[in-house]
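Here, each number is a calculation from the coordinates, and none is a lab measurement. If you're wondering where the values come from, they're calculated on a predicted model, not measured in any experiment. Using ideal geometry, Cβ is built from the backbone for each residue, glycine included, and neighbour counts are taken over all protein chains shown.
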Amino acid sequence: ASDLRKKGQHQAAAAVMNALDANGQGGGGGGGQGGEEGPLSARTLQMLGAENGELPPELQKCDPKLIEQVCNDVIDAGGAISWDDIAGLQTAKDLIREIVVWPMLNPTIFTGPRAPPKGLLLFGPPGTGKTLIGKAVASNISAAFFSISASSLTSKWIGEGEKMVRTLFAVAGVMQPSVIFIDEIDSLMSARKSDGEHEASRRLKTEMLVQMEGCDPSSTSRRVLLIGTTNRPEELDEAARRRMPKQLYIPLPCGEARRQMVLRQLGPGCSVEAQLSGEDLAKVVAKTDGYSGSDMRNLIQEACQGPVREAVVAAGGERVAQLRGEDLRPVRLRDFQAASKAQRASVTPAEIERYEQYNERHGAKY
Ligand code: ADP
């Protein structure tokens, strides 16, 4: 019953956010201006289930300006992501479902030796779907998704990083079930920085470790899962690694995953028409060996521009406003061939070798 209530609360919070955004009052910045009635906006109070204006005890000591920022800037209000939106990575998806999604859906049976890990570390090259996985976990358990990049704690919230971390985890606890997704966690938790690092960043790191320690995805009253990501797993501090005991390698997409990525954008029923035979598709797949998911996205976007450029040149640049969808020819193999000159693989084989070696030693086996 409590889950249903929470789910309802999140849905209500999303509805309020949408309604306020539609009136041009919500979103972005926050900055502590708040609603007319107090330091926190009506939207934030509703998200926290505190419409009567009385904050839950764990938030009463937090700076309202930071609470407002967490609710405006850190919670990701984007649409739900399903496992099917993520191409490939089948074994990683299966493992994540088993080790964190099931326990968060039903904490009562995942206790003792069945308890989920406190945190999950996703490592691998950039642009391979780590953020998508974090969002899919949150969507699956109807959890609030808090997303922050570790480097922003030192750059965006200069001097307030420590308080921000405390506020973030406190808000996540109140809005549980929650997923806290920390991108580039190595930039904060690097073992290398320990000599001569600033007092402020040392304190920030300590606060983060303390808060991570308090995460418990199987708690019945405060289900918070931490997901960290890194492109440099070998630089992570040992204490941080202990708090994210499951380390999962998220590799580059395999050929079949790359094929799916193309078909999802250009297959039957898609808004952009393409003419790609099975053989053409196989050539695109072969040509993109070593591409990341985001390289594939950029490549497809670039290929789709081919017919547009041609039509604009044929019509005369100034007539672009009169062009209609029907005036564009389908996307063909040659558009991909041209696009692959502009969009090459962004990850080098040497980097992949480095991830694979790390995975051999530390990665969760699945
Ligand atoms: P990461 O967090 O690993 O750096 P993201 O999850 O942010 O990467 O992916 C960036 C973009 O690349 C996504 O928004 C999506 O368009 C595309 N992408 C990456 N990996 C995949 C995948 N496995 N399936 C579908 N799209 C992907």
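Any idea what the relative contact order of the chain is, in percent, if you count C-alpha pairs under 8 Å spaced at least 6 apart?
Numbers: 553 pairs, mean separation 65.4, N = 366.
Over the chain, the number comes to 18 percent.
I need the calculated FRET efficiency for the pair residue 54 and residue 82, taking r as the beta carbon distance and R₀ as 41 Å, to the nearest 0.05. Write down the numbers at each step before the final one.
Values: r = 37 Å, r/R0 = 0.89.
It comes to 0.65.
Which of the pairs 65/205; 156/365; 246/287 have their Cα atoms more than 31 Å apart in this structure? Walk me through the numbers before you get to the answer.
On the way: 65/205 22 Å; 156/365 37 Å; 246/287 33 Å.
Long pairs (Cα-Cα over 31 Å): 156/365; 246/287.
Can you give me the long-range amide H partners of residue 347? Hydrogens built in the peptide plane at 1.01 Å from N, cutoff under 5 Å, separation of 5 or more residues or another chain.
Hits under the 5 Å cutoff: 292.
Figure the gain on full extension for residue 334 and residue 90 (residue separation times 0.36 nm, minus the Cα-Cα span) and round it to one decimal in nm. If you can, show how the numbers build up before the last one.
On the way: separation 244, 0.36 × 244 = 87.84 nm, distance 3.08 nm.
The residue 334-residue 90 span can extend by a further 84.8 nm.
Once phi is turned into ³J(HN,Hα) by the Karplus curve 6.51 cos²θ - 1.76 cosθ + 1.60 with θ = phi - 60°, what whole-Hz value does each residue of the stretch 43-56 show in order, with x for glycine and proline?
4, 5, 4, 5, 4, 8, x, 10, 4, 6, x, 9, 6, x
Taking Cα atoms, how many degrees apart are the long axis of helix 293-315 and the longest axis of the chain, rounded to 10 and kept between 0 and 90?
50
Once you have the Cα-Cα distance between residue 279 and residue 115, take 0.36 nm times their residue separation minus that, and quote the gain in nm to one decimal. Walk me through the numbers on the way to the answer.
Working: separation 164, 0.36 × 164 = 59.04 nm, distance 4.76 nm.
Between residue 279 and residue 115, full extension yields an extra 54.3 nm.
For the chain, modelled as a Gaussian network with Cα springs under 10 Å, which listed residue fluctuates most, 170, 350, 303?
350
Take 212, 47 and order them by how many other Cβ atoms sit within 10 Å, fewest up front.
Details: 212 24, 47 28.
By the 10 Å Cβ count, ascending, the order reads 212, 47.
Based only on other Cβ atoms within 10 Å, what is the fewest-to-most ordering of 229, 108, 44?
Ordered by Cβ neighbours within 10 Å, fewest first: 108, 229, 44.
How far, in degrees from 0 to 90, does helix 333-342 lean away from the longest principal axis of the Cα atoms of the chain, to the nearest 10?
Its long axis makes an angle of about 60 degrees.
What ranking do 173-179, 238-244 get when scored by the average of other Cβ atoms within 10 Å per residue, highest first? Walk me through the numbers before you get to the answer.
Numbers: 173-179: 24.0, 238-244: 17.4.
Descending packing order for the listed peptides: 173-179, 238-244.
Sequence-distant or interchain residues sharing an amide H contact under 5 Å with residue 226, placed H: which?
Here the answer is 120, 180, since their amide H atoms fall under 5 Å of that of residue 226.
Which value results when the Cα radius of gyration for the chain is divided by 2.2 N^0.38 Å?
Dividing the Cα Rg of the chain by 2.2 N^0.38 Å gives 1.10.
Considering the chain as a Gaussian network with a 10 Å cut-off on Cα pairs, which listed residue, 55, 120, 323, attains the greatest mean-square fluctuation?
Among 55, 120, 323, the largest mean-square fluctuation in the Gaussian network model of the chain belongs to 323.
Considering only the chain, what is the antiparallel percent among its DSSP beta bridges, to the nearest 5? Provide the component values of the computation, followed by the final result.
Working: 2 of 23 bridges.
So the antiparallel bridges in the chain amount to around 10 percent.
Quick check: the distance between the Cα centres of the stretch 218-247 and the stretch 95-117, to the nearest angstrom?
Using only Cα atoms, the two centres lie 15 Å from each other.
Of 283/341; 93/135; 61/163, which pairs sit farther than 19 Å apart, going by alpha carbon to alpha carbon? Kindly include the intermediate steps, with their values, before the conclusion.
Values: 283/341 15 Å; 93/135 12 Å; 61/163 10 Å.
Flagged as over cut-off: nothing, all pairs pass.
Report the paramagnetic label zone for residue 344: residues of the stretch 278-303 whose backbone N is under 20 Å from a point 7 Å from Cα along the Cα-to-Cβ axis.
Label zone hits: 284-303.
May I ask you to sort 291, 358, 366, 249 by Cβ crowding, counting other Cβ atoms within 10 Å and putting the fewest first?
On the way: 291 24, 358 18, 366 13, 249 21.
Ascending Cβ contact count within 10 Å gives the list 366, 358, 249, 291.
On a full-extension model of 0.36 nm per residue, what is the gain between residue 61 and residue 254, subtracting their alpha-carbon distance, rounded to one decimal in nm?
Values: separation 193, 0.36 × 193 = 69.48 nm, distance 4.86 nm.
Once the chain is fully extended between residue 61 and residue 254, it gains 64.6 nm.
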